[in-house]
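Asks: Here you go, one structure.
The values are calculated or read from the model by the stated rules, or taken from the named source; none is laboratory data. Quick caveat, the model's predicted, so the values are computed rather than measured. With ideal geometry, Cβ positions are generated from the backbone for all residues, glycine too; neighbour counts draw on all protein chains shown. Accessible surface is based on the protein model in full, side chains and every heavy atom, while ligands, DNA and RNA are left aside. Shrake-Rupley method; radii C 1.70, N 1.55, O 1.52, S 1.80 Å.
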Amino acid sequence: RAQAADAGAASTCRVAYGPAEMPFWGPAALSVAGAELRVVTNDSGKPRIHAVPIAAPPPATAVITPPPRPTAFEAMRSPACELAGKWAFCQGPGGLVQRTTLGATDTLPVAKGRPGTRFSAAALGEAHAVVATLDSRRTTEGETMQAFVTLDDREPVRLSEDGAGATTVHLVRRGIGVLAVYIDARAAMLPLHARAMSLQGENLALANDTVVFIGGPPERGIDFAVAPAGRAVFALLPMPRETATFGMAAVPIDDPPKTDVEAVWSMYPNGLDPAPIASATRALDGGPIWVARVRPKDAPPASPRVLELGRLSTTGTFTAVGTIAEGRSVTHVALTTDGHGAIWVVYGDRAGSYLERLICT
């Protein structure tokens, strides 16, 4: 459970709900709607909502009893649905991404990517949304993965530049526009790209593609998180720093993005592939940035894994505040915050998924 932080950490956390075992296997997305937490899973291209009431945090002396274990479980599809404004975007069979209004039954096919690949979505203004998908295209270098972006249900537009591939892409709202951040994991290096987009009238306008950071040879299953805090954005990449070291690179993305910026590193005891990571910003005041990341507990190769919670400063420095889970091979994690400033985290492995609410000071 949320254990005391390492020496020198500035916060500690306590459990205010859970850990509650969920009635599904697989990844989930989280959102807050008033006094309700929505745990959203991907039911073959449609969102399935598990609602949890949000109450005022219990006193620190309260005894927290986890809810009873479910009596039945269902396998949910991967990747998880993406939540953007009032919509959920879920990938179904064949890589088709469908848009559904949360809490309703309408479903609209809006984009298509390579089946099983990650995708991302973000609201653009009040009435529009964009979806970024990955698909393979034949080039002079052979079959390469490329990133595409779709406004509403229109024709997709190429997002990744000529000569650049894309292996993971994330979208995040920034101001009145959206920032696309994507990586191109190659054998010898890892370029991190950033590209802003906005509405010009009713059309999508793409700004220049900027290579913000270039890392060394990546791990095979690398993914990353994007941590927004107002107009400040960090890309959080768990990756090798040098041949024998591994950590989380916090890469600041300015507005507009700059090239060749310096990363702020937080080192892991050893490497991990894949290394799941998620972030969220406190809803009350736009900060702090919370990060949940899976890392080895110790340096030996057979060390158990821990799911660690921490804060990211405005300069990119990571401070651990506690351990959410230990000894589990966590494969997926998601975070959000509620109106009381509490943190909700859903995480899981092949054995199940779990939900907790944490109060951190």
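Asks: Full-extension gain between residue 105 and residue 231, please, as 0.36 nm times their residue separation minus the C-alpha to C-alpha distance.
Replies: That works out to 42.0 nm of additional length.
Asks: While we're on this one: Quick one: check the C-alpha center-to-center distance for segment 59-81 versus segment 294-322, whole angstrom.
Replies: 23
Asks: Right, something else. Using only the Cα atoms of segment 123-190, each taken as one equal point scatterer with no solvent, compute I(q) by the Debye sum, divide by I(0), and report log10 of the ratio at q = 0.24, 0.25 Å⁻¹.
Replies: Per q value, in the given order, log10 I(q)/I(0) is -1.05, -1.11.
Asks: Compare 71, 331 by solvent-accessible area with a 1.4 Å probe and give them largest first, with all protein chains kept in place.
Replies: Accessible-area ranking of 71, 331, largest first: 71, 331.
Asks: Additional query: For segment 233-351, what class follows from the C-alpha gyration tensor (a ≥ b ≥ c being the square roots of its eigenvalues): rounded when a/c is under 1.5, otherwise prolate if a/b is larger than b/c, else oblate?
Replies: Because a/c hits 1.5 or more and a/b fails to exceed b/c, segment 233-351 counts as oblate.
Asks: Is the C-alpha gyration tensor of segment 48-194 telling us rounded, prolate or oblate? Criteria: a/c under 1.5 is rounded; beyond that, a/b larger than b/c is prolate, otherwise oblate.
Replies: In terms of gyration-tensor shape, prolate.
Asks: How large is the convex hull of the C-alpha atoms of segment 155-205 per residue, in Å³?
Replies: Looking at segment 155-205, the number lands at 81 Å³ per residue.
Asks: If the cut-off is a Cα-Cα distance under 28 Å, which lysines reach residue 46, setting aside same-chain residues fewer than 8 apart in sequence?
Replies: Excluding near neighbours in sequence, the set is 86, 112.
Asks: Another question, if that's okay. Rank these residues by their accessible area, most exposed first, probe 1.4 Å: 176, 343.
Replies: 176, 343
Asks: So, by mean Cβ neighbours within 10 angstrom, what's the order for 190-203, 119-132 with the highest one leading?
Replies: Order by mean packing, descending: 119-132, 190-203.
Asks: Also, I was wondering about something else. Please state the shape class of segment 45-112: rounded when a/c is under 1.5, otherwise prolate if a/b exceeds b/c and oblate if not, all from the C-alpha gyration tensor.
Replies: It comes out prolate by the Cα gyration axes.
Asks: Going by average Cβ neighbours within 10 Å, how do the peptides 230-238, 210-218 rank, with the highest at the top?
Replies: Descending packing order for the listed peptides: 230-238, 210-218.
Asks: Give me the three principal axis extents of the chain from the C-alpha atoms, as integers in angstrom, largest value leading.
Replies: 61, 50, 36
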